[in-house]
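Novice: Sharing a structure below in C-alpha cells format, with a few things to ask.
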C-alpha cells in the first residue's frame, strides 16, 4: 500500500481529531458548519480537517466560512487546503460574493481591520476597570496575546504577554463569563490599541511600576503612536435617534443591568459632597421637610453637574460609550441606546436643565453606600462613655 503524502496524513489526523469531538465528518451537511467553525484555530491538523470537510458541503455557509478562514491564517499548508476546497465548491456553482460583486465599490469602514490582529474588551466594573486582549495570529504557533488591565481614572494597572492557542483563549473567555458573568466582546484592534496606549500614558504620569516592558509587548502589534479614532459604538448605533423620547427618565434602568449592579462613585471624588450632605443633615437651622429635601437635592445636582464636567466628564463619556458598545454586542438594544444617550449628554459637559435619572440615581446610590459603611463602622467602635 502506497504511503500517504505528509499533507494527506495531516488531514487524516485532523479528521480523526474532529471525529473524536463527536462530529460526523463522513456525512457532512450545512448543519455541521457552525460546529466546524468552533473547532477552527485549535491545531494546524484540525484546521486542515475543517477546511477539507467544508469543501464537501455544497452550501453558502461553508463557502463563507472558508473565505473567512483564508483571510485569518498565514499557514501555507492550511491556505492551500482552503483553496482546494473553494475550488471544489466553485465546481458546484458556489463562488465568493466578492468575485460576484468585483465591480462594486467597497464601503470604507471606520477601522481598517487587519485579519491577523483582533481585540476583545470586557465590561467596565464598579471601580472603572476593564480587561483588554489584543491577539495576533502567529503561523504554526497559535496566538500572541497582549493582556492589559486598565482603570479609567488610574490608567494602565497591569500588562503582560503570552503565546497560547485559540482554544485556550476561548477557555479563558468562558471562565470569565462563568465566574464574573462578563462577556469579552470583540472590538476593532485599532481602538483597543488606542485606549491601551492612553492608559499607559496616564499611568506613566503616576510613575507606576511594573510597566517597563509595555513598549516591547505592544511593539509586536504596533510600534508607532496610535491614531485617534471615533468610538466604534457610533458605527453600531444611531446616535441621532437615541436621545428621542423619555430617555432621561428611563436611563435609571441601567442601574439594574447586572454589569452595573456594583457601580458607585469613588469615595475620594465623593468626599466634598459627603461633607456637604452631613452638614445639611446635622444643621442647627430649623428647616421644614420640604426645605431639607430641596437642600439635599441641590447637593445631588451639584455632584451630577461636576460628574459631567472636565476630566471627570471625559472619563464618564468613554465609560458610557464602552458600555453602550458592550450592550450592543450582548444583544441588549434598549440598554445600549440608554447608555449612548447618557454618554452624549455627558459629552456636552453638563447634564442639562432636566434630570438624567441614571446619573442622579448613581450619585444617590453612592451616598447611601458610604453612609451605610460609616454607620456600620461607628456601631463596631467601642463607646468611651461609661454609664453609671
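Novice: Can you check what the Kirkwood hydrodynamic radius comes to for segment 229-388, Cα pairs only, in Å to one decimal?
Specialist: This gives a value of 17.4 Å.
Novice: On the first, second and third principal axes, largest extent first, how far apart are the outermost C-alpha atoms of segment 202-267 in Å?
Specialist: Sorted largest first, the three principal extents are 48, 33, 21 Å.
Novice: I would also like to ask the following. Using per-residue counts of other Cβ atoms within 10 Å, averaged over each peptide, order 343-350, 47-54, 143-150 from highest down.
Specialist: 47-54, 143-150, 343-350
Novice: Can you tell me the alpha carbon radius of gyration of segment 117-229 divided by the globular rule-of-thumb value 2.2 N^0.38 Å?
Specialist: My calculation over the Cα atoms of segment 117-229 gives 1.03.
Novice: In segment 229-256, whose amide N lies under 12 Å from the spot 7 Å out along Cα-to-Cβ of residue 201? List them in ranges.
Specialist: 229
Novice: Which value in nm describes the separation of the simple spin-label points at residue 154 and residue 276, placed 7 Å from the Cα toward the beta carbon?
Specialist: That separation, rounded to one decimal, is 2.7 nm.
Novice: Still on this model: Along the Cα→Cβ direction, 7 angstrom out, place labels at residue 243 and residue 267. What is the inter-label distance in nm?
Specialist: About 3.6 nm separates the two model spin labels.
Novice: Which value, in nm² and rounded to one decimal, describes the direction-averaged projected area of the C-alpha convex hull of the chain? Can you show the working numbers first?
Specialist: Working: hull surface 117.2 nm².
That works out to 29.3 nm².
Novice: Report, to the nearest 10°, how far helix 289-307 tilts away from the longest principal axis of the Cα atoms in the chain, using its own Cα long axis and a range of 0 to 90°.
Specialist: Rounded to the nearest ten degrees, it is 40.
Novice: Right, next: Divide, for segment 252-324, the radius of gyration over alpha carbons by 2.2 N^0.38 Å, where N is the residue count.
Specialist: Rounded to two decimals, the normalised Rg is 1.34.
Novice: Starting from the Cα-Cα distance between residue 374 and residue 292, subtract it from 0.36 nm times their residue separation and give me the gain in nm to one decimal.
Specialist: That pair, residue 374 and residue 292, stretches by 27.4 nm at full extension.
Novice: Ignoring everything except DSSP H segments at least 4 long, calculate the 222 nm mean residue ellipticity for the chain; use -39,500 (n - 2.57) per segment, divide by total residues, nearest 500.
Specialist: Mean residue ellipticity, 222 nm, calculated: -16500 deg cm²/dmol.
Novice: Would you kindly work out the equivalent ellipsoid of segment 197-237 from its C-alpha gyration tensor and give its semi-axes, the square roots of five times the eigenvalues, largest first in whole Å?
Specialist: Values for segment 197-237, descending: 25, 14, 8 Å.
Novice: To the nearest 10 degrees, how steeply does helix 44-54 sit against the main Cα axis of the chain, on a 0 to 90 scale?
Specialist: It is inclined by approximately 70 degrees.
Novice: Also, quick follow-up: Give the value in nm², to one decimal: projected area of the alpha carbon convex hull of segment 166-288, averaged over all directions.
Specialist: Numbers: hull surface 56.3 nm².
The orientation-averaged projected area of the Cα hull of segment 166-288 comes to 14.1 nm².
Novice: On C-alpha positions alone, give me the angle between the axis of helix 189-205 and the longest principal axis of the chain, in degrees, nearest 10.
Specialist: Long axis of 189-205 versus the principal axis of the chain: about 40 degrees.
Novice: Going highest first, how would you order 371-378, 333-340, 306-313 by mean Cβ packing within 10 Å?
Specialist: 333-340, 306-313, 371-378
Novice: Give the peptides 358-370, 219-231 in descending order of average Cβ contacts within 10 Å, highest first.
Specialist: For the peptides 358-370, 219-231, the packing ranking is 358-370, 219-231.
Novice: Something else about it: Using only the C-alpha atoms of segment 6-98, find the volume of their convex hull and express it per residue in Å³.
Specialist: Here the figure is 86 Å³ per residue.
Throughout, read-outs are computed from the coordinates displayed, never taken from laboratory work. All of these numbers come straight from a predicted model, not from anything done at the bench. Glycine gets a Cβ as well: all are built from the backbone with ideal geometry, and neighbour counts include every protein chain shown.
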